[in-house]
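To start, the structure under review is shown below, and the notes come after it.
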Amino acid sequence: MNYDFANIEAKWQKIWEEKKLYAAQDGGEKEKFYALVEFPYPSAAGLHVGHPRPYTAMDIIARKKRMAGMNVLFPMGYDAFGLPTENFAIKNHIHPRIVTENNIKNFRRQLKALGYSFDWDREINTTDPKYFKWTQWIFLQLYKNGLAYKAKMPVNWCTSCKCVLANEEVVEGVCERCGAPVVRKEKSQWMLRITKYADRLIDDLEGLDFIDRVKAQQTNWIGRSHGAEVKFRSTLGDEILVYTTRPDTLFGATYMVLSPEHPLVAKWMDRLNNVPEIKAYQAAAAAKSDLERTELNKEKTGVKLDGVMGINPVNGKEIPIFISDYVLSTYGTGAIMAVPAHDDRDWEFAKAFGCEIVEVVAGGNVQEAAFTLKDDTGIMVNSGFLNGLTVKEAIPVIIKWLSEQGIGEPKTNFKLRDWVFSRQRYWGEPIPIIHCPKCGEVPMKEADLPLLLPDVESYEPTDDGESPLSAITDWVNVKCPCCGGDAKRETDTMPQWAGSSWYYLRYMDPHNDEALASKEMLEYWSPVDWYNGGMEHTTLHLLYSRFWHKFLYDIGVVPTKEPYAKRTSHGMILGENPHYVGNFEKQEDKDAMIAKYGSDALRPAVKMSKSLGNVVNPDDVIREYGADTMRLYVMFIGDFEKAATWSPKAVKGCKRFLDRVWAMAENVSDMETEYSKANTSLMHKTIKKVTEDIDNLKPNTAIAALMTLINQIDKTCNRAELKTVLQLLSPFAPHICDEIWEQKGYEGICSVSAWPQYSEEKCKDSEINIAVQVNGKMRGTVLMDADLSDEQVVANVVADEKISRFLAKQGGSIVKTIVVKNKLVNLIVK
RNA sequence: GCCGCUAUGAUGGAAUAGGUAGACAUAGCAGACUUAAAAUCUGCCUGGGGCAACUCAGUACCGGUUCGAGCCCGGUUAGCGGCACCA
């Protein structure tokens with residue numbers, strides 16, 4: 001009865017591989033379709049159950065498109081540089097290259113065991129010199145175009161990884177990867193000028209088929225705001241440039257605030273009267289970690305600069321100047337005009353420091369709270385020539401006035417910062433730059449790429465913030481490619497995000513030695529038609545790769561402005577929470593759990609983790625139920641976009657379903673070539689449903705439709721129907737379908753057979769249950785022929801015994817009827 | 001605080017464009033088969049009332065639009081995710 005999934009799956013995986021059944025063709029008549037999933041980081045732990053969810057979903061889409069006659073590119077690879085491998089290597093004294101090789105072997109085995117239709121001939125590995133040669137090449141192009149530069153600046157330093165982090169890698173003041181506190185450190189770092197692309201990274205989202213939350217998050221992260229830069233003066237004669245999004249409130253600026261690091265503070269220092277106080281504040285601000293700065297954001301602190309005043313350019317008023325860490329040195333000009341009446345933060349600060357609050361937009365009570373409305377309900381007051389205008393009208397007027405006076409101009413600012421691109425670690429792409437005492441920074445010659453990592457004994461990170469590579473003198477010391485004199489290599493390496501920023505291009509032409517990919521292949525395969533990946537990469541990998549792609553477009557390497565035409569995202573797979581208080585009967589046990597685990601104890605499902613012991617290993621599931629069941633279950637688990645909880649019990653339901661399909665097939669022995677009359681409309685409806693659901697990324701309801709179909713036809717299924725069932729099920733559970741297909745003697749191989757067609761005409765039923773409402777309430781159904789005229793439908797309904805009885809009881813007469821064709825009748829009775 | 005999202009049985013979730021709420025599955029209950037268990041098969045499975053035909057209520061809460069609202073509009077509550085002193 002039960003089918004032998006282990007042998008069947010091994011058999012078909014071997015056949016697919018030997019026949020290269022799913023290899024993409026580099027050209028041809030068929031329409032191309034490039035389906036992409038995020039390649040994994042090959043960790044020592046192996047594949048997590050989270051991986052198969054997106055992989056299976058895209059495999060289903062790839063398989064269905066292939067069956068529908070498209071030339072599908074569905075590749076896989078490994079994003080293998082990175083810290084966990086390096087840390088594992090250090091701990092176990094194994095070279096990271098060996099660790100990586102072993103991990104990849106394990107990942108490949110697991111991916112193959114799931115029966116994915118990847119084109120394995122295109123597999124890539126970011127740590128392969130043949131691959132990272134081109135990562136380095138792209139870096140050189142960025143460098144030559146002024147988009148890679150070295151700068152000394154405060155950077156995020158992870159105290160545990162002993163390495164700098166990009167802004168995108170710092171989450172709530174701690175390291176995204178290890179959770180250790182991040183501190184600010186002044187260091188010279190390689191930077192990539194992603195800010196140059198800020199506008200295009202927002203504007204070009206418009207034409208893309210990305211899910212809205214991805215667009216919203218990227219737009220938010222880039223953080224574009226429109227306003228003006230305005231020149232204030234100080235009583236000491238210096239110009240103080242501020243940025244504001246509310247130039248309309250200029251008359252309400254009653255003090256100014258500089259960031260503690262602002263250069264004017266140092267310049268003024270010897271003319272100020274409270275230097276010790278100022279210096280103490282600066283020192284305290286500098287010592288704060290990001291975490292402290294955000295945690296302590298309730299109370300406003302600051303110091304007034306005693307001995308200097310600002311001058312408001314619109315009214316000539318002298319106003320005090322403070323330093324405070326609520327003004328950031330890294331945003332805008334690092335200095336603000338404070339309008340306490342109309343900005344919450346300024347208001348709080350003004351209350352704390354007793355500054356004047358002047359209302360310039362009517363509508364609130366500015367002594368009670370800041371009035372921050374920006375819409376056109378507010379009317380300007382106390383604002384000279386702006387009085388009487390709405391906020392909306394005032395903004396262009398004041399901006400025009402400022403530019404005419406030469407004291408201000410419109411300005412757009414972004415929250416996005418340039419990308420900190422160097423890491424002080426061993427296991428990454430070496431940066432192909434040489435530092436020469438005579439010539440300065442010299443890029444390596446492209447012909448000399450790849451620049452390999454030296455083989456070393458120790459790759460421990462250093463406490464002083466130098467890369468481990470700096471200790472390898474044979475490697476570090478080189479001749480300058482420019483003057484031939486003694487020079488040194490750059491010893492920092494690239495971040496993990498480098499290799500993944502362009503990997504989708506390499507799949508198009510993975511073995512090319514002359515270029516990252518040939519023009520023809522880039523032209524043929526670009527763009528990626530459908531890219532699915534995690535939301536956690538929205539402001540990291542996804543943004544970075546869009547940036548690199550746009551740059552490559554600008555220098556003529558790639559043919560499209562955007563890398564990915566469509567982006568979707570899957571929900572996480574969670575594990576059952578062993579600490580969930582719902583599991584405890586006694587109140588005191590619950591209370592103890594809540595005291596111990598906090599709000600986590602209130603969640604029935606949480607992220608899987610080793611410490612909770614709720615991790616599910618795909619190998620175990622495959623061993624017990626088979627890959628087809630695993631695939632089916634991760635698709636059936638729930639709405640693809642939402643988080644779902646792994647339920648060991650529910651897996652069984654999917655196995656049962658496959659057993660039923662197997663059993664049903666065993667009983668089919670006729671030689672029918674057409675659907676039976678009784679099953680025709682159901683067959684066509686199911687083809688339609690499965691086809692559309694796959695295209696709309698609704699695998700859960702596609703599977704439900706197949707289950708419904710089997711529930712209905714398993715006693716009567718004929719040979720023609722079985723064929724269609726196998727084809728519809730094949731993308732989800734390819735092994736069992738190919739096996740039954742072969743055993744039943746259908747032609748060819750099921751998983752590359754032609755996708756079944758449906759006709760709208762045949763989806764229709766000849767008889768339909770019409771829903772009947774009286775005054776909008778359901779009162780029953782009446783079975784009748786389809787496509788009757790409205791009059792006939794109403795006549796049938798009124799003639800129905802049950803309905804007529806109800807109407808008689810109800811009294812009154814029918815004053816109106818609403819008929820929805822083949823669906824419903826609503827009788828309005830009064 | 002800002003941005004985005006969600007709320008449906010015991011549980012995961014269905015419900016194309018406003019038209020039969022709870023498809024499909026899990027768990028549970030009852031029965032068949034079995035020495036027994038597992039597996040399998042059949043039936044029940046939102047709540048209240050009724051022997052029953054039937055009937056009343058029901059998609060977080062309050063209100064609205066509509067012949068008709070889980071779906072649209074206004075408000076509220078709770079939760080999730082992202083950003084967060086960004087001027």
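Conditions first: (1) part of a strand (DSSP E or B); (2) within 16 Å of RNA strand B (Cβ to nearest atom). A:Ala198 passes all but one, so which condition is the exception?
Status for A:Ala198: all satisfied but (1).
List the residue pairs whose Cβ atoms are under 9 Å apart, where the first residue sits in region A:623-643 and is within 23 Å of A:Lys11 (Cβ to Cβ) and open to solvent by 50 Å² or more (accessible area, probe 1.4 Å), the second is within 12 Å of RNA strand B (Cβ to nearest atom) and hydrophobic (A, V, I, L, M, F, W, C), and the two are 6 or more positions apart or on different chains.
Once the first residue is within 23 Å of A:Lys11 (Cβ to Cβ) and open to solvent by 50 Å² or more (accessible area, probe 1.4 Å) and sits in region A:623-643, its partners that are within 12 Å of RNA strand B (Cβ to nearest atom) and hydrophobic (A, V, I, L, M, F, W, C) give A:Glu624/A:Val651.
Tell me the residue from A:Lys698, A:Lys685, A:Lys723 that is away from RNA strand B (no atom under 12 Å from the Cβ), under 27 Å from A:Gly69 (Cα atoms) and surrounded by 18 or more Cβ atoms within 10 Å (Cβ to Cβ), please.
A:Lys723
Tell me, yes or no, whether region A:132-149 has at least one residue that is β-branched (Val, Ile, Thr), more than 16 Å from RNA strand B (Cβ to nearest atom), under 24 Å from A:Asp455 (Cβ atoms) and crowded, with 18+ Cβ neighbours inside 10 Å.
yes
Those residues that are within 12 Å of A:Pro527 (Cβ to Cβ), open to solvent by less than 10 Å² (accessible area, probe 1.4 Å) and either touching an Asp or Glu at 6+ places or on another chain (Cβ under 6 Å) or assigned to a loop (DSSP other than H, G, I, E, B) (or both), I need them from region A:29-43; list them, please.
Passing the criteria: only A:Tyr34.
Which condition from (1) assigned to a helix (DSSP H, G or I); (2) out of contact with any Leu (no Cβ under 8 Å at 6 or more places or on another chain); (3) open to solvent by less than 10 Å² (accessible area, probe 1.4 Å); (4) at pLDDT 95 or above is the one that A:Ala89 breaks?
Checking A:Ala89 against (1) assigned to a helix (DSSP H, G or I); (2) out of contact with any Leu (no Cβ under 8 Å at 6 or more places or on another chain); (3) open to solvent by less than 10 Å² (accessible area, probe 1.4 Å); (4) at pLDDT 95 or above, the one that fails is (4).
Any idea which residue in region A:336-387 is farthest from A:Gly408 (Cα to Cα), counting only those that are within 14 Å of RNA strand B (Cβ to nearest atom), open to solvent by 70 Å² or more (accessible area, probe 1.4 Å) and in contact with a Gly (Cβ under 9 Å, 6 or more places away or on another chain)?
Out of the qualifying residues, it is A:Phe353.
What pairs can you find where one residue is in region A:575-602 and assigned to a loop (DSSP other than H, G, I, E, B), the other is buried (at least 17 other Cβ atoms within 10 Å of the Cβ) and modelled with pLDDT of 70 or more, and their Cβ atoms are less than 7 Å apart, with a gap of 6+ or different chains?
Here the result reads A:Asn577/A:Ala605; A:Asn577/A:Val606; A:Pro578/A:Asn614; A:His579/A:Met593; A:His579/A:Tyr597; A:His579/A:Ala601; A:Tyr580/A:Ala601; A:Phe584/A:Met593, each pair linking region A:575-602 to a residue that is buried (at least 17 other Cβ atoms within 10 Å of the Cβ) and modelled with pLDDT of 70 or more.
Could you please let me know if A:Gly307 is among the small types (Gly, Ala, Ser), away from RNA strand B (no atom under 16 Å from the Cβ) and either over 18 Å from A:Thr249 (Cα atoms) or modelled with pLDDT under 95 (or both)?
Criteria met by A:Gly307.
Looking at (1) part of a helix (DSSP H, G or I); (2) in contact (Cβ under 8 Å) with a residue 12 or more places away in the chain, which is the only condition A:Ala808 fails?
(2)
Return the residues of region A:804-817 that are touching a Leu at 6+ places or on another chain (Cβ under 8 Å) and within 27 Å of A:Ser766 (Cβ to Cβ); say none if nothing qualifies.
Residue satisfying the conditions is A:Thr817 alone.
Pick from region A:201-211 the residues that are exposed (fewer than 13 other Cβ atoms within 10 Å of the Cβ) and in a helix (DSSP H, G or I): which of them is nearest to RNA strand B (Cβ to nearest atom)?
Going through the qualifying residues, I end up with A:Glu206.
Limited to region A:768-782, what total is found for residues that are open to solvent by 20 Å² or more (accessible area, probe 1.4 Å) and more than 6 Å from RNA strand B (Cβ to nearest atom)?
3
Scan region A:212-257 residue by residue and report those that are hydroxyl-bearing (Ser, Thr, Tyr), within 9 Å of RNA strand B (Cβ to nearest atom) and open to solvent by 30 Å² or more (accessible area, probe 1.4 Å).
Filtering region A:212-257 for residues hydroxyl-bearing (Ser, Thr, Tyr) gives A:219, A:225, A:234-235, A:243-245, A:249, A:254-255.
The next check asks that each one be within 9 Å of RNA strand B (Cβ to nearest atom); those that pass are A:219, A:225, A:243-245, A:249.
Listed by number, the residues that qualify are A:Thr219, A:Thr245.
The values are calculated or read from the model by the stated rules, or taken from the named source; none is laboratory data. Keep in mind it's a predicted model, so treat the numbers as computed, not measured. Backbone-built Cβ (ideal geometry, glycine too); neighbour counts: all protein chains shown. When the accessible area is computed, the model is the full protein with side chains, heavy atoms only, and any ligands, DNA or RNA have been set aside. Shrake-Rupley method; radii C 1.70, N 1.55, O 1.52, S 1.80 Å.
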